[in-house]
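*Asks:* Take a look at the following structure, please.
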Ligand SMILES: Nc1nc2c(ncn2[C@@H]2O[C@H](COP(=O)(O)OP(=O)(O)OP(=O)(O)O)[C@@H](O)[C@H]2O)c(=O)[nH]1
Ligand SMILES: [Mg+2]
């Protein structure tokens with residue numbers, strides 16, 4: 001089977017996503033040239049996938065189809081979907097201006113039956129590469145603007161529409177990464193003193209699931225204060241914890257050659273199985289100060 005790769009260019013994908021919502025992401029589910037132009041193949045990969053965008057390509061250079069926010073599920077009914085629309089995009093030339101058409105008031109948006117993507121006025125995969133176009137059924141549209149009056153497909157793709165969320169576009173907190181601010185933060189850690197005079201250093205216990213990045217966190221912190229990359233703690237990925245011993249690491253500063261008032265305590269990862277990795281009893285013992293550097297928990301003997 002040849003590669004199931006999107007035929008859309010990045011620019012075309014961006015234009016289609018702009019018709020959906022700001023954080024929409026397309027994930028290719030079905031490609032007729034690979035999976036076949038049979039509607040049964042379409043249902044096999046596209047049923048119950050949530051919102052989908054059908055993307056058809058014809059010979060004259062139009063990209064067109066429909067969006068539904070509900071599942072294809074072959075319920076045998078015509079369904080309403082107030083977010084559904086048909087669209088057409090003339091991909092010839094640089095100026096990509098999509099044309100979008102909403103459903104006629106009160107009409108259904110798609111036929112959820114055993115056929116190809118079926119938007120009433122536009123039906124795909126019911127007759128191989130031939131599209132059925134009936135403006136006025138569910139949607140009122142100008143065929144010239146939707147598909148350039150060409151009903152012969154050279155490709156048909158169906159994408160799942162995912163919401164990538166806004167978290168990547170909008171930082172959840174603003175951090176000043178300037179060199180001055182960085183120096184200030186490092187100085188505040190170096191000069192920090194515990195409130196209790198009998199305690200000279202803070203010990204920070206790193207606890208978390210296998211592979212969470214506990215050992216890497218120490219290596220990163222140590223590298224920052226030493227001024228060069230260090231990898232004192234062993235890191236990596238395996239089915240079970242890579243760290244097999246309890247380790248206490250002083251953090252050294254290379255400039256002053258003085259240890260910081262900070263000791264990082266790296267532990268084995270928490271694992272699902274009983275008697276594997278760190279367990280709650282081990283954590284209690286560590287907190288009570290009963291566990292020495294390089295102690296190996298029993299499950300690793
Ligand atoms: N992308 C990414 N990978 C990370 C990060 N931190 C650690 N890793 C990678 O995640 C894997 C596990 O990291 P470790 O630091 O060994 O994790 P650990 O929590 O000490 O794991 P155990 O000792 O096995 O419990 C390594 O391949 C790291 O390179 C991070 O911030 N981002
Ligand atoms: Mg580790």
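Taken together, the values in this text are just the output of simple stated rules run on the coordinates, not laboratory data. Everything numeric here is computed off the predicted structure, so don't read it as measured data. Cβ sites come from the backbone with ideal geometry, for glycine too, and all protein chains shown count toward neighbours.
*Asks:* Order these peptides, 106-113, 276-283, 173-180, by their mean beta-carbon neighbour count within 10 angstrom, highest first.
*Replies:* Packing order, densest peptide first, comes out as 106-113, 276-283, 173-180.
*Asks:* Let me ask something additional. Helix 10-20 against the longest principal axis of the chain: what's the angle in degrees, Cα atoms only, rounded to the nearest 10?
*Replies:* Compared with the principal axis, the helix lies near 80 degrees.
*Asks:* Just to compare against my own numbers: the Cα pair-distance distribution for the chain, 10 Å bins, whole % per bin, please.
*Replies:* Histogramming the chain at 10 Å steps yields 6, 20, 19, 11, 12, 16, 13, 4, 0 percent.
*Asks:* While we're on this one: Want the number for residue 257 to residue 40: 0.36 nm per residue separation, take away the alpha-carbon distance, what's left?
*Replies:* 71.1 nm
*Asks:* Please work out how much length the chain gains when fully extended from residue 33 to residue 242, using 0.36 nm per residue of separation minus the C-alpha to C-alpha distance, in nm with one decimal.
*Replies:* 70.7 nm
*Asks:* Residue 273 versus residue 113, label points 7 Å from Cα toward the beta carbon: distance in nm?
*Replies:* 5.5
*Asks:* Another one. Take each of the peptides 127-137, 259-269, average the number of other beta-carbon atoms within 10 Å over its residues, and list them starting from the highest.
*Replies:* Those peptides, ordered most packed to least, come out 259-269, 127-137.
*Asks:* Using only Cα atoms, tell me the angle between helix 214-226 and the longest principal axis of the chain; keep it within 0 to 90° and round to the nearest 10.
*Replies:* Helix 214-226 sits roughly 70 degrees off the main axis of the chain.
*Asks:* Pop a pseudo-label 7 angstrom from the Cα along the beta-carbon direction at both residue 189 and residue 232 and give the gap in nm to one decimal.
*Replies:* Result: 1.2 nm between the two label points.
*Asks:* Let me ask something else about it. Taking a ≥ b ≥ c as the square roots of the eigenvalues of the Cα gyration tensor of the range 10-163, is the shape rounded (a/c under 1.5), prolate (a/b larger than b/c) or oblate?
*Replies:* Judged from the Cα gyration tensor, the range 10-163 comes out rounded (a/c under 1.5).
*Asks:* Nearest 500 deg cm²/dmol is fine: what mean residue ellipticity at 222 nm does the chain get from its DSSP H runs of n ≥ 4 alone, each adding -39,500 (n - 2.57), divided by its residue count?
*Replies:* -5500 deg cm²/dmol
*Asks:* Let me ask something else. Subtracting the Cα-Cα distance from 0.36 nm times the residue separation, let me have the gained length for residue 104 to residue 11 in nm, one decimal.
*Replies:* Gain on stretching residue 104 to residue 11: 30.5 nm.
*Asks:* Can you grab the distance from the C-alpha centre of the range 98-119 to the C-alpha centre of the range 9-24, Å, no decimals?
*Replies:* The range 98-119 and the range 9-24 have Cα centres separated by 20 Å.
*Asks:* If I take R0 = 25 Å and measure r between the Cβ atoms of residue 212 and residue 181 in this structure, what FRET efficiency does the formula 1/(1 + (r/R0)^6) give, to the nearest 0.05?
*Replies:* 0.40
*Asks:* Using Cα-only point scatterers and the Debye equation, what is log10 of I(q)/I(0) for the range 201-301 at each q in 0.21 Å⁻¹, rounded to two decimals?
*Replies:* The Debye formula, applied to the Cα set alone, gives -1.07.
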